[in-house]
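Okay, structure first, notes after.
Every number in this text was worked out from the coordinates using simple rules, so none of it is lab data. Computed from a predicted structure; not experimentally measured. As a convention, Cβ positions derive from the backbone with ideal geometry for all residues, glycine included, and neighbour counts pool all protein chains shown.
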Amino acid sequence: MMKFCEDGFDAIAWHERRQKFTLPPFNINAYAGNPVSHSNETRHPVLYQQLKKLRDEISIKHHLPIYLVAGTVTLSEMTNYLPQNMEELAKISGFGKAKLAAYGQQFLSVIVSYCEIHKISSLIHEKIPKRQRGEKKTNSRSTNTKSETFQLHKSGKSVTEIAQIRNFTTQTIEGHLAHYVQTGEIKINDLLGNEKINLIEPVLQKNEGGSITSVKQQLGEKASFGDIRLVMAWRAYEQGRQKINS
C-alpha cells in the first residue's frame, strides 16, 4: 500500500486498492525455540547449544511448548553438572519419571558423548539436591545403593567390576565408596596408593574451600575426579578424628 503512493496520493484509488489488498500467508510455530541464544552462565556453551538444539527438535516433533521438554534451568543444570546415567539425570531440575522415560536417554547420549570427547566427568555431586516427593524413601534408597556397592567392595571386587555389575559409571561407584572412606569404614589405601594420595593432597590443601573442578584442572590427567573425591573423603575423615582427639 505504501508503494502504491510513491507517485502521488489519490484517495479514491487508494481506497480501491485497500479493498483489494490480501494479507500474504505466513506460518507461526509456537513450539520452536527462540533463535537467539541465551546460554546464561555455563561451563560448556557448546554442549548447551547441542542440548538446546535437541530440545527444540523434540518440541517440534511432538508439538510441545519448549518448557514442557526442557526449560532454561534444566538445560543449564545438565550442561554444568554433566549427568552420566538416568539416576544422575533424575537429580536435574525438571526431570520427573515421565520425562526421564520419554526424553532422558536422548539428552544423556549427547552429554555422555561430549564428556568422552573432552575427557570430563560428572559433577552431579556439586549440585544441591532438589526437593522430591517421598524424600525419606529416596534417602533410604540412596543409602541402600551405597550399601550394595560397599558389600561388593568387601567381597574383593574392583571399582570397574562393581560398575559393570551394577550398571553404573565408575565415577558413581567411586562416589559410593568415598562415603565409606569418610566414615572410616574403608581405608583410603584400599583404593589408592600413597603416590596418588601424596600427589592430590597438597593441591587440595592449597585450594581449601575451592571446587573440585579447579583441583582437577591443576592435576590434569595425573588424577581423575574419582581419585580426588576419595582423597577429599579421607581428609574429611582425618579432620574429624583430630577434632575428637583434641
Inset, instruction - Tell me the label-point distance for the pair residue 102, residue 205, using the 7 Å Cα-to-Cβ offset, in nm and rounded to one decimal. - result: 5.3
Inset, instruction - Could you sort out which of 157/196; 127/157; 61/99 sit more than 18 Å apart by Cα distance in this structure? - result: 157/196; 127/157
Inset, instruction - Sticking with the crude label model, points 7 Å out along Cα→Cβ, report the distance from residue 189 to residue 161 in nm, one decimal please. - result: 2.2
Legend entry - Gained length - residue 93 relative to residue 120, 0.36 nm times residue gap less alpha-carbon distance: 7.6 nm
Inset, instruction - Using only alpha carbon pairs under 8 Å that are at least six residues apart, calculate the relative contact order of the range 142-241 and give it in whole percent. - result: 31
